[in-house]
Amino acid sequence: MIRVVRGLALSLVVVVTGCDDTPPPRIPDPPLDGMERRVADLLRETRKSVVAEPHSAEAWGALGATYQAHRLLAEADLCLERAHRLDPDDFRWVYLRAITREVSGADGAELRRLFGLAARMRPDYAAVQVRLGDAMSSRGDLPAAREAFRAALDLDADLALAHRGLGQVLLALGEAEAAVAALARSLEIDPLDGSAWAALARARNRIGDGAGAKQASAEARRLGDSAGAMADPVFEREVVARGVSGTRALARAVRRIRAGDFAGALQDLAIADETHPGDSNVQHWLGIAYRGLGRADEAIASFERAVELNPSLAAARFDLAHLLFDRHGPREALPHYEAALALDGEQPGWWFALARCRFALGDRGGAIEGLEQVLRLAPDYGPAQRLLRQLRGESRG
Amino acid sequence: MSPSRSFVFLGPWLLLAGCAPAPVDRAPASAGTADPWFVDIAAESGLDFLYEQGTTGEWAMPEIIGGGAALFDADGDGDLDIYLTNGNRDPRGGVPGSDPPRNRLYLQQADGRFVDGTERAELGDPGYGMGVAMLDFDNDGDLDLYVANYGRDRLFRNRGEGRFEDWTVGAGIGVDGWSTSVAACDYDLDGHLDLYVARYVVFDPSRFCTDPAGRREYCSPEAFPPAVDVLLRNRGDGTFEDVTAAAGIDRVTGAGLGVVCSLLDDDERPDFYVANDLDANQLWIQQPDGTFEDHALARGAAYNLEGRTESGMGVVAADLDNDADTDLFVTHLTAQSNTLYDNLGAAVGFEDATGQRGLATSSLPFTGFGTVAADLELDGDLDLVVANGRVLRGERLAGASLGAPWDAYAEPNLLYLNDGRGGFELAPEGTLPGDVEISRALAAGDIDSDGDVDLLVANLASAPRLYRNIAPRQGRWLAVRAIDPALGRDAIGARVRLIGTPSIEREITRSFGYLSASDAVAHFGLGVDPDVQGLVVRWPGGATERFDVDGVDRRLLVRRGEGRAP
């Protein structure tokens, strides 16, 4: 009997799939003029697969994901919808379509339907719930957002972004005490999430904790709205990995560097260097990748090129100075430290590095001056306090 | 320059009551219809302007940012004139070169047409024009003009009767780089109007930017360091002092595009709010010693509800839900909604209420720049208009007819109707003209003196639009101009509250939106059966006076010192 039911179900699936007599949509064919050759070639090849197999969900899905990777959203939407229609059981296509529609400005009802469908297919996949929570939150459906973030936390209690999202929604719902708890939990897991610190500042402000709010504000300001990435292997594999443009390669390289994958980053940066010749930012990241791989001479050359291309790129100047200090000593590093700080004098760590450099050159007065700048910007900077005490002691002695 | 020499033109304004009310020229009609609310009269009025971007094919970022506009009475004849900033042929460096395109002044004639008065007024600045601010910096009763450029900014002093002189050097102003929007207000309450100049980025034309598909595209502001905003304190002797560092404004930087000056906490000291492009917004709260601290993070106005920085463009500060405090509305890039920061009171700060107020989804596909909060159909609440136009190419929308490459940047503008409680819904299609263009500045004022608010839209790659309001009226109106005779000028920063029904408050300001300046009038839609018993003016600094109102559908002029205790 069970076998019969299974057989019937299978037949039904086959019939449903096979009977999709909706005329296949026109295969999107956006103008490729002006695109990087690598992107145009990839789009052309991927499209050919759909032409060859117009009833293949995989081919349509791959084309949709490739369009999505290069932010051709209308084309991506059409392809992913077709892929989902051809294979309604494949989680990937409905999930990626939900993401595309979210970015394109779909309303809450449509996104609830699409993400809900995806969640039913993969009830274990927390990223669906986090994205649904974000979508509902931005569209003003706060109870639905709260429910989604809680569902994400049921799947993974250590998901910092879900705690943060929940905290932000609770705060908007006026539940400030609960918001503080959720945001504090988020920050236990990811203390470098500037957005969570910002929300915590507001929540503490709301409950009358002025000092706590001020401290959280300071952290938020220091970190910006940086947040850790959410594990979303489906999106990474199907969309991010398909991006071959210089812009996408550079973005991927930055993520890889942050994850410690310097060799992978170097591959992406080679693409970005080819597509963005003379871009100081690319040269700066190249320097960082080489430095991470221990290839100091190539790193120095890249930092120098970045500074040459854009003399006001303070961070590249500082990175150059730091590496020169380590490799060639303080005398070569000093002018670059000074140049970096002339461009951006608000970085306590840079002042500390300058002070160390001056100290190494025997310039005690200059070192003390640098350390005083550190403590003006960051009064609790321990190493600066210690070195300053030491230097002042020696001066008195 | 003394107040006694002022020639504040008061012709069409009724000193309190005493004159017959102007007739309601259109009968109230039901809301929610698709009747057009506006008709474009730019071409028939003689506005023959085209913003020259100087496009070189190098994708220089200033090409896609500019386009400022102002509505003001330049020549003191009592009607609104138009000033439009222009680009030039060097979007990479902003250098005018020989025979450059210039900003233009259009003077309104008695028949409502506009004629080019640029040359006579000597207002044809050739800089790469961004925003514009209007202020009577010398308290002589006429409006002077600050032009924000990509390049050196300019201050033009009105010598009277619509003739101007370049007073930049005389004023001691040396603002260079990339200025955008400018807010003029008397932040230190010394009687002289000061200037907050929002500044964008330290642009490097050698940067090579592409979109995710690898096509050349305008850079994101993230490609450049943000520029430091500038605060110029008016010394009262015709010169300005750069107090940016002394006031603490340089402590936090952001790529500033929009700025407003208003009372944003619980004291009478004016504060500033800056909309930054991909940097946290700044809420500069003025301290008792005249310095500023950025409280945006703790007060919930730095990031959106999800804790993300957004691409802030234009901003208005107004009471959008009629609860007697100042809310903030910021326009943004595509895939980010425009954001409404609801003011929950000084102790709490602001909360992103965009989604709950119905403003999220409909703005996601568009890139918003200029914005105006005005009661367009006179029903007693503030509606929102957003001027849209992309900075990154997208799919060509139906109705776009600018040609390549600009069709890929053109979008329709949006009008949101207020439900009276601060909830908004998109007006039915056809309410706002469906022009699909690259819109930037949006200025508001009663151009035809018929009691409702008209709109001026500055566009890139196409002519400006002058939208005359023909909305079916949902009520009566009052327009209040507040003058401080001791200063000889409009009391910028004054707040006008109606007593009776409806009980609503508006602020006297010219500076809001994006790269724009508007008419400094507190305009009230009153609904169909108003019972306005008077009005209370809270003058800058906090002193209040009550004035009687014995009729509606009229323009009122109130003078400080001539009212009575509330």
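A short reminder: the numbers here are calculations on the coordinates, not readings from a lab. Owing to the predicted nature of the structure, the values given are computational and were not obtained by experimental measurement. Here Cβ is always computed from backbone atoms with ideal geometry, including for glycine, and neighbour counts include all displayed protein chains.
Taking the number of Cβ atoms within 10 Å of each Cβ as an exposure proxy, the fewest-first ranking of A:Met121, B:Met313 is A:Met121, B:Met313. For chain B, adding -39500 (n - 2.57) for each run of n ≥ 4 DSSP H residues and dividing by the number of residues yields 0 deg cm²/dmol at 222 nm.
Mean partner shielding of peptide A:195-207, defined as the number of other chain Cβ atoms within 10 Å of each residue Cβ, is 5.
Computed 3J(HN,Hα) for the stretch B:271-283, one whole-Hz value per residue from the Karplus formula 6.51 cos²θ - 1.76 cosθ + 1.60 where θ = phi - 60°, is 10, 10, 10, 10, 8, 9, 8, 6, 10, 4, 5, 10, 10, glycine and proline marked x. Between the amide H of B:Asp319 and those of B:Asp327, distances stay under 5 Å, these residues lying 5 or more places away or on another chain, with hydrogens modeled in the peptide plane. Footprinting exposure proxy ranking of A:Cys79, B:Cys261, fewest other C-beta atoms within 10 angstrom first, gives B:Cys261, A:Cys79. In a DSSP loop and with at most 16 other Cβ atoms within 10 Å, the GluC sites (Glu not before Pro) in the stretch B:461-566 are B:Glu562.
Given R0 = 60 Å, the distance between the Cβ atoms of A:Glu298 and B:Thr544 translates into a calculated FRET efficiency of 0.30. Over the stretch B:161-233, the reciprocal of the mean inverse Cα-Cα separation, the Kirkwood hydrodynamic radius, stands at 15.2 Å.
Placing a pseudo-label 7 Å from each Cα along the Cα-to-Cβ vector at A:Asp326 and A:Ala109 gives an inter-label distance of 5.8 nm. Taking a Cβ cut-off of under 13 Å around A:Ala306, the surrounding Lys, Arg, Asp and Glu residues balance to a net charge of -3, with basic ones at +1 and acidic ones at -1. Computed from backbone phi with θ = phi - 60° and the Karplus coefficients 6.51, -1.76 and 1.60, the 3J(HN,Hα) list for the stretch A:280-292 is 5, 5, 4, 4, 5, 5, 4, x, 5, 5, 4, 4, x Hz; x is used for glycine and proline. Note on chain B: Cα-Cα pairs beyond 48 Å make up 3% of the total pair count. Close amide H partners of B:Gly500, meaning residues 5 or more places away or on another chain with modelled amide H under 5 Å apart, are B:Gln533.
For B:Phe369, the amide hydrogen comes within under 5 Å of the amide hydrogens of B:Ala387, B:Asn388, B:Gly389, counting only partners 5 or more places away or on other chains and with H modelled in the peptide plane. Karplus-based coupling profile of the stretch B:335-342, in residue order and whole Hz: 6, 10, 6, 5, 10, 9, 9, 7, with θ = phi - 60° in 6.51 cos²θ - 1.76 cosθ + 1.60 and x standing for Gly or Pro.
Mean per-residue shielding of peptide A:355-364 is 0, counting Cβ atoms of other chains within 10 Å of each Cβ. Based on the reciprocal of the average 1/r between different C-alpha atoms, the Kirkwood radius for the protein assembly as shown equals 29.7 Å. For the residues of B:349-356, the average number of beta carbons from a partner chain within 10 Å of their own beta carbon is 5.
Around B:Gly563, with a cut-off of 15 angstrom between Cβ atoms, what is the net charge of the other residues, counting Lys and Arg +1 and Asp and Glu -1?
Overall, the nearby charge balance is +3.
Can you list the residues of the stretch B:338-355 with backbone N under 14 Å from a point 7 Å past the Cα of B:Ala324, pointing along Cα to Cβ? Taking a point 7 Å out along Cα→Cβ of B:Ala324, the residues of the stretch B:338-355 whose backbone N falls under 14 Å are B:345-346. Here the contact order of the stretch B:295-419, divided by its residue count and restricted to Cα pairs under 8 Å and six or more residues apart, works out to 19 percent.
Here the peptides B:410-421, B:113-124 are ranked by packing, the mean other Cβ count within 10 Å, and the order with the highest first is B:410-421, B:113-124.
Sorted ascending by nearby beta carbons within 10 Å, beginning with the fewest, A:Ser302, B:Ser98 become B:Ser98, A:Ser302.
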